[in-house]
Amino acid sequence: MEPGKYDKPEQPLTTTLGTTLGADAIPIETPTSDDARRAVREPVPGEEHFVGRSGPGPKIMAADTLEGDDVVNTAGEKLGELEHIMIDVPSGKVAYAVLSFGGFLGLGDKLFAIPWLALRIDPPNHRFIFDVDKETLDNAPGFDKDHWPSMGDEQWAKELHTYYKANPYWD
């Protein structure tokens, strides 16, 4: 990356705030321990699994920070990686996670739409837990990167939620 007008050659590489539209990146300062936005927060009753997280998450996070996270089952077996997070735009709700499973080095991966409410976030381990065994996922309706299902189709959505025994996000 070429140095920009905000760069200081003597300064080590820092985290930047920028856009995907080609705007100059603006360095942001490394947070100090008294930065309330970055402080480790105490859990709210019922949210004990959030202990130890800093920053804006895990209740509100940038979707792209979750993409690439592992998805494991309750036995700890890796099921795949979270590829995409799908939003129901009219409602503003997260509808599905797209899980990549199988293949080798990204080739031959099968994709699965997983109801978002069927996943549990595991912040300390930067992963999600999905309560299914590998056989259930092997037999699940999947798709490839060039042939996506019509995720807005109500019948498809009902069948998917029924297959995974998940509560629909629209209820």
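Nothing in this text is a laboratory measurement; each read-out follows from the coordinates by a stated rule. Being a predicted model, the structure only gives us computed values, none of them experimental. For neighbour counting, all protein chains shown are included, and Cβ atoms are generated from backbone atoms with ideal geometry for every residue, glycine included.
Determine Rg/Rh for the stretch 63-163; Rg is computed over alpha-carbon atoms and Rh is the Kirkwood hydrodynamic estimate from the same atoms. Provide the component values of the computation, followed by the final result.
Details: Rg = 13.0 Å, Rh = 13.9 Å.
Using Cα coordinates only, the ratio equals 0.93.
Give, as a single signed number, the net charge of other residues whose beta carbon lies under 14 Å from the beta carbon of Glu154, with Lys and Arg counted +1 and Asp and Glu -1. Write out the running numbers ahead of the final one.
Numbers: positive: Lys158; negative: Asp88, Asp153, Glu159, Asp171.
Once all neighbours under 14 Å are counted, the net charge is -3.
Given 0.36 nm per residue, what is the gain on full extension from Glu154 to Asn73 after removing their alpha carbon distance, in nm? The partial results should precede the final answer.
Values: separation 81, 0.36 × 81 = 29.16 nm, distance 2.71 nm.
Length difference between fully extended and current span is 26.4 nm.
For Val72, what charge total do you get from the other residues with a beta carbon under 13 Å from its beta carbon, if Lys and Arg give +1 and Asp and Glu give -1?
Values: positive: Lys78, Arg120, Arg127, Lys134; negative: Asp69, Asp70, Glu77, Glu81, Asp122, Asp131, Asp133.
Surrounding charge for Val72 is -3.
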